[in-house]
Structure formats: C-alpha cells, structure tokens
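Before any comments, here is the structure.
The values are calculated or read from the model by the stated rules, or taken from the named source; none is laboratory data. Predicted model, so just to flag it, every value in this text is computed and none were measured. Cβ sites come from the backbone with ideal geometry, for glycine too, and all protein chains shown count toward neighbours.
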Amino acid sequence: MGLKSVYSWRATAAFLAFSLLAASGMRPQSSAALQKACCAAKADANREKYLSRDAAAAARFAARADALLGAAPVNKADWGLLIEDAQTGETLHAKNADNYFVPASNMKLFTTALALAKLGPDYKFHTTIETRGTISTGGRLSGDLILVGRGDPNLSNRKFPYELKEEFDGPPEKALAELADAVVARGVKEIAGDVIGDDSYFPRERYPNGWEIDDMVWEYGAAISAIVVDDNTVSVTLTPGERGGDPVMATVDPLTPDFTLQNDVATSTPDAKSDLTLTREPGAGLVAVRGTLPAKSAPRKLVLAIEEPAQHAASLLAALLAERGVKIDGKISVVHVPDTDTTPRTVLAEHVSVPLGDEVKLINKISQNLHAEMMLRTVARQSGLWSTTDDLLKVPQDFYAAADIAPDDVIQTDGSGLSRHDLITPRAVVSLLKYAEGQTWFAPYYASLPVAGVDGSLQDRMKGTVAEGRIHAKTGSVAHVRTLSGFAELPDGRRLIFSFLSNNESGKNHESADVLNGLCVAMIEEFGGTARASVPARAKVKQN
C-alpha cells in the first residue's frame with residue numbers, strides 16, 4: 001500500500017469509527033479520546049495535502065532536473081540524486097540512488113559525523129613537550145626534549161571559532177612558539193640531548209591509498225602525521241623586480257629542512273602574463289620553480305606541503321628555542337614508532353586544542369583534508385594502535401551500521417575524500433544525514449555545513465536565488481567529480497535531505513557546479529511552493 005493510500009485509509013477509518021458510534025447511540029470513552037482521534041485525522045489530512053502537493057512538485061522538479069542533466073556537456077557525466085522529506089522519510093526524487101559514486105569531499109560528512117559521535121563535541125587534543133632528563137639549577141636539561149603530537153590539527157595561528165571566514169593571528173608557528181616560551185619559563189637554558197619530533201601516536205602512513213602524486217606537492221595533499229604544524233605547510237613567496245630581466249626574489253616561511261628551493265624565475269615585461277612551473281619529485285629534497293612574473297606585479301604566494309612533518313616540527317621548535325637563547329648540544333631527530341622505554345617522562349609544556357566541535361566546523365566549512373584525516377585516526381586511536389590500513393578503515397563500520405547505512409554502501413580508503421578510490425551511494429549519504437539529525441551532536445554538525453551564498457565553500461554560490469541561506473550542504477570536488485549533499489530548509493518550515501553526486505564529468509570546471517546550483521534552486525522552488533526566482537537555473541559560480 002502506498003504512502004498516500006495509508007494516510008487516506010487512516011483518515012477514512014477514523015471517520016467511519018465515529019460514524020458507527022453515533023449510529024449505535026454509543027458514546028466515545030472520553031472527550032480526550034475523541035479529541036485525540038480528531039487531531040490524528042486532521043494530521044493525516046494535512047499529510048494528504050502535502051503528499052498531493054509533493055506529487056505535483058516532484059513531477060515539476062523531475063522535469064527541471066532532466067533538462068539540467070540533459071544539456072551538454074554535463075549530459076555525458078554520471079549523476080546520482082536523492083531527495084527525502086526529513087520528517088516523513090518520503091522519497092521525493094531518486095535517480096541512481098543506489099549506484100556508486102566517487103564522493104570527493106562529501107566523504108567528510110561521514111568522517112566528521114563519526115568524530116562527533118565517538119569523541120564528542122567537547123573532546124580536546126593535547127600536545128606536549130616532555131623529557132626524561134632533569135633541569136639543573138643552572139638551567140641545563142640533561143636529556144632529550146621531545147615534542148609529542150597526538151593528532152591536534154591546529155598547531156597554528158588560526159583563530160577560533162570559525163565565523164563566516166578563516167582568520168589568523170600572529171605567525172604560522174604561533175602555537176609552537178607558545179610551547180617554546182613555556183619551556184624557557186621552566187628555566188631551560190641548555191639542552192644536552194636532542195630535540196625530537198615524536199609522531200608515533202599514529203602508525204606512519206603519510207599518504208592514503210588513492211591519493212595522486214600531484215596532490216602531495218600542494219597544501220590540500222599535505223602528509224599525514226600526529227604532529228600538524230600550520231597544516232604541515234610552508235609558504236614560498238616570489239617577488240618580481242621593477243624591470244624586465246630583474247631577478248625574482250624567493251622566500252620560504254617558515255624555513256624548513258624538508259626541501260631546498262631552486263629559484264629559476266625571472267622578471268618579464270609588465271604586459272606579459274605570469275608563467276610558472278613548480279616541480280617536486282616524490283621523496284625528493286628539491287623544489288624547482290621556473291618561469292616568469294611580470295615586472296611590478298604583486299608577489300605570488302605558493303603554499304607547499306611538507307613531506308616529513310615530525311622532522312619539520314622538531315627543526316622549527318629548535319629554531320624557536322635558539323631564538324630565545326636556549327643552547328642545543330644535540331641534533332634534530334624524529335620518532336615514528338612507540339618508544340619501548342618505560343622510564344617516566346616529565347611534561348614541561350602542554351598545548352590544549354579548541355573543542356572538537358569547533359574543529360569540525362572548520363573542516364566542513366573550508367573542506368580541510370588533513371584535518372579530516374586527523375579525525376578518522378583519532379577515533380581509531382581510542383581503541384589503541386592499528387596494525388594495517390585495513391584495520392583503520394574497519395573502525396567506522398559499526399557507526400555506519402548504527403546509521404542504517406546498507407553494508408557496502410560506503411567503500412572508504414581515507415577520511416577526507418581526496419582518494420579517488422572512495423565510493424558511496426546517494427542513499428548512504430541521506431541515511432547518514434537522517435541519522436545525524438536525531439543525535440545529541442547534531443547542532444555542531446549542522447552548524448559546520450557551508451551555507452549557500454553565506455560562508456565556506458558555498459559563499460559565492462546561489463547568491464540572489466531562493467536557495468541563498470536555505471541550502472546547508474557539503475561540497476566536493478576532485479578531477480571529474482562534483483558533489484553536494486546536505487539539508488534544504490523550505491519556506492514552509494519543512495526540511496529536505498538531499499545528495500547530488502556527479503562523476504565522469506568534463507568540460508569547464510564550473511558547468512557541473514552550475515547544475516548542482518540549479519538543482520538546489522529547483523528543489524527549493526518546487527517543493528517549497530515559492531515563485532521561481534528571476535535568475536538563470538545555471539548561475540555562474542566561483543569554484544571552491
């Protein structure tokens with residue numbers, strides 16, 4: 001029996017029951033029972049009205065969706081769509097809802113929900129500086145100084161909480177500088193041993209399966225480590241000269257032992273276009289940048305990923321201590337496997353993170369890949385160290401089962417969605433979001449989603465349409481993939497849950513995103529009963 005006929009049957013049954021009571025001269029048991037039955041009948045009548053309206057709206061939406069997806073060049077792509085009413089669970093539109101799609105950053109919806117469920121919004125990370133040595137009256141530390149990372153993704157100068165945009169305060173190494181200050185405040189003036197970066201809290205796996213070589217050069221593909229200083233990145237700034245032929249000045253901030261920069265960039269004439277090529281072979285210690293920058297043009301900033309985060313962090317800590325007058329007798333070294341020495345350590349300094357709810361908001365608003373990987377591994381670490389990547393990826397399975405996600409509807413190889421080997425179905429996404437809506441941690445989860453035309457990766461999309469401010473959703477984008485999934489708040493107060501996934505798309509970058517925008521506008525207009533906005537269905541968008 002269909003949903004509409006069930007509601008109709010219930011309303012009819014209530015009417016017949018009271019008609020029989022009246023005909024037989026019997027009185028209902030109580031006025032309260034009568035009122036309750038009447039309210040139920042009224043509610044069913046309202047549902048009947050919504051169902052009737054939604055049936056017509058669904059037909060109109062389907063026609064608009066077909067037109068959007070049928071236009072070149074997006075008609076050559078694979079599309080999966082699913083829209084459900086959040087309250088009734090009714091399916092309003094479905095297309096390939098049980099097929100696999102590469103999710104890109106829609107995978108972060110799963111990882112951040114997992115983190116909130118398993119760790120809680122108030123969870124905090126602790127990064128410490130420890131030693132087994134002692135500090136003499138003259139300030140000499142007799143042992144090693146060990147920076148111990150435990151997955152805090154924000155040892156940086158980033159300001160929290162995130163409000164509409166990212167904000168920063170101070171130098172990128174601000175958090176590490178505060179730890180150095182704390183060490184000096186303990187009276188340390190000389191370190192007899194080494195300065196060590198210890199990232200053994202997570203098993204060493206810098207790059208998940210499915211990440212590509214090109215990813216590893218740039219900030220969005222930074223290496224995974226239990227130590228994350230400024231997103232495991234450094235900035236290379238190229239400043240052209242005043243005239244053609246002048247050298248281009250290059251600076252690296254902060255300085256790092258991770259690579260040596262080879263600068264082969266020259267200043268071109270003021271009317272020439274920028275032409276830069278950057279090369280770094282995997283595992284190589286040389287970054288080469290070649291090409292030209294126009295005379296008198298603005299400096300060009302390139303944010304590059306660090307390949308050895310623990311080494312970089314230990315080196316940076318040593319430099320900060322040296323700036324504060326601390327003499328270091330030993331070397332810079334790293335620890336990647338848990339120490340078997342059970343000698344107690346003394347904590348000299350500690351950095352405590354912001355609450356996890358604030359971190360989740362940052363992850364989903366700006367789509368921060370490395371931070372999402374920290375979430376997955378921190379959840380797994382609560383049960384101890386894992387031996388293999390397969391063991392790590394088994395950790396979320398009980399959570400997905402609790403969310404009523406069908407077995408094998410999520411094939412996961414990382415936490416961020418940067419892997420091209422991740423696969424999900426639109427139905428898995430909608431099931432996850434429905435489950436999240438009923439959990440105690442839903443408020444910070446919902447608040448973490450970008451809002452159309454307002455903030456995050458949707459800040460410049462759907463502005464001036466009925467969808468502005470009403471779409472709360474996570475974007476996703478890797479080569480040939482564009483995705484958008486989340487919640488739609490209708491003008492009549494109802495909420496829809498949706499997942500729109502596109503794979504194997506080509507053409508210009510904006511075209512699939514334009515279609516996703518158009519689907520959102522159509523969804524709000526048709527199911528929300530609003531007049532169509534006087535804007536194109538495919539508004540051009542800025543890519544995020």
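Remarks
- All of (1) touching a Ser or Thr at 6+ places or on another chain (Cβ under 7 Å); (2) within 26 Å of Ser156 (Cα to Cα) hold for Ala266 with one exception: (2).
- Within the stretch 90-100, considering residues that are closer than 11 Å to Ala428 by Cα and of a type outside the set (D, E, K, R), the one surrounded by the fewest Cβ atoms within 10 Å (Cβ to Cβ): Asn99
- Condition check for Thr292 on (1) in contact with a strand residue (DSSP E or B) (Cβ under 7 Å, 6 or more places away or on another chain); (2) part of a loop (DSSP other than H, G, I, E, B); (3) of a type in the set (Val, Ile, Thr): one failure, at (2).
- Pairs linking a residue in the stretch 431-444 that is at pLDDT below 95 to a residue that is surrounded by 15 or more Cβ atoms within 10 Å (Cβ to Cβ), with Cβ atoms under 9 Å and 6 or more positions apart or on different chains, do not occur.
- Tabulated pairs, the stretch 312-325, first at positive phi, second outside any helix (DSSP H, G or I), C-beta under 9 angstrom, 6+ apart or interchain: Gly325/Lys189
- Subset of the stretch 430-453 (residues that are in a loop (DSSP other than H, G, I, E, B) and in contact with a helix residue (DSSP H, G or I) (Cβ under 8 Å, 6 or more places away or on another chain)): Gln439, Trp441, Ser448, Leu449, Pro450, Ala452
This table checks each residue for (1) touching a residue at least 12 places away in the same chain (Cβ under 8 Å); (2) farther than 30 Å from Gly80 by Cα; (3) in a loop (DSSP other than H, G, I, E, B); (4) outside the structural domain of Ala305 (by TED's automatic domain parsing).
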site: Asp341; (1), (2), (3), (4): yes, yes, yes, no
site: Val347; (1), (2), (3), (4): yes, yes, no, no
site: Met375; (1), (2), (3), (4): yes, no, no, yes
site: Asp390; (1), (2), (3), (4): no, no, no, yes
site: Leu393; (1), (2), (3), (4): yes, no, no, yes
site: Phe399; (1), (2), (3), (4): yes, no, no, yes
site: Ala406; (1), (2), (3), (4): yes, no, yes, yes
site: Gly415; (1), (2), (3), (4): yes, no, yes, yes
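- Number of the condition not met by Arg427 [criteria: (1) surrounded by 14 or more Cβ atoms within 10 Å (Cβ to Cβ); (2) in contact with a helix residue (DSSP H, G or I) (Cβ under 7 Å, 6 or more places away or on another chain); (3) not hydroxyl-bearing (Ser, Thr, Tyr)]: (2)
- A search for C-beta distances below 7 Å between a residue of the stretch 114-136 that is without any contact (Cβ under 8 Å) to a residue 60 or more places away in the chain and on the phi < 0 side of the Ramachandran plot and any residue that is among the aliphatic types (A, V, I, L, M) and assigned to a loop (DSSP other than H, G, I, E, B), counting only pairs 6+ apart in sequence or on different chains, returns Ile135/Val188.
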